[in-house]
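Worksheet: the structure to be examined is printed underneath.
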Amino acid sequence: MISEQQVQTILVVDDSGTARMIIKQCLTIIGLKDKKYLEASNGRDAMEVLKHNAVDMVVTDLNMPVMDGEALLLEIKGSAMWNKIPVIVITSTSNDVREKALREVGAEAVISKPVNPAVLFAAWKKICGVK
């Protein structure tokens, strides 16, 4: 768990620029307005961002070209350098089995599209250990 104060830089990963904008707006609505936002359009680009920036949280789409969100999650959680970074996965193709599998490999939350600020806030509270 981390505190809100520990999260200063958030990486938003989605192949749609519009989706990235909506995710950032939702994060702002739930109170993360004074944070630095970095963006990537796929998992491979996200890995490059991680190599060159200190990132405190990742919010990633699941279905993307080049490198999808599951592969990105596995890279992050498999790295001693990044495995403590909380990852929220957002997907339009969710089912209970897939969600459970993503959580088992380290996703702190799996959220269905369209992104709902209340659901995102609940995931954020869980990451921060707020009941």
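The values are calculated or read from the model by the stated rules, or taken from the named source; none is laboratory data. Remember, it's a predicted structure, so these values are computed and weren't measured experimentally. Cβ sites come from the backbone with ideal geometry, for glycine too, and all protein chains shown count toward neighbours. Ligands, DNA and RNA are stripped out before the accessible areas are found, and what is left, the full protein with its side chains, is counted by its heavy atoms. Shrake-Rupley method; radii C 1.70, N 1.55, O 1.52, S 1.80 Å.
Could you list all residues from region 82-95 that are touching a helix residue (DSSP H, G or I) at 6+ places or on another chain (Cβ under 8 Å) and surrounded by fewer than 16 Cβ atoms within 10 Å (Cβ to Cβ)?
Passing the criteria: only Asn83.
In this structure, is Thr28 out of contact with any strand residue (DSSP E or B) (no Cβ under 6 Å at 6 or more places or on another chain) and of a type in the set (S, T, N, Q)?
It is true that Thr28 is out of contact with any strand residue (DSSP E or B) (no Cβ under 6 Å at 6 or more places or on another chain) and of a type in the set (S, T, N, Q).
Can you tell me which residue within region 6-49, out of those that are surrounded by fewer than 21 Cβ atoms within 10 Å (Cβ to Cβ) and of a type in the set (Gly, Ala, Ser), is farthest from Val115 (Cα to Cα)?
Ser41
So which helices (runs of 4 or more DSSP H) stay within region 2-112 end to end and still have 1 or more residues that are among the hydroxyl-bearing types (Ser, Thr, Tyr)?
17-29
Looking at region 50-81, which of its residues are among the aliphatic types (A, V, I, L, M) and open to solvent by 60 Å² or more (accessible area, probe 1.4 Å)?
Ala54, Val66, Leu74, Ala80, Met81
Based on this model, can you work out whether Ala123 counts as part of a loop (DSSP other than H, G, I, E, B) and within 12 Å of the chain's Cα centre (by Cα)?
No: the conditions fail for Ala123.
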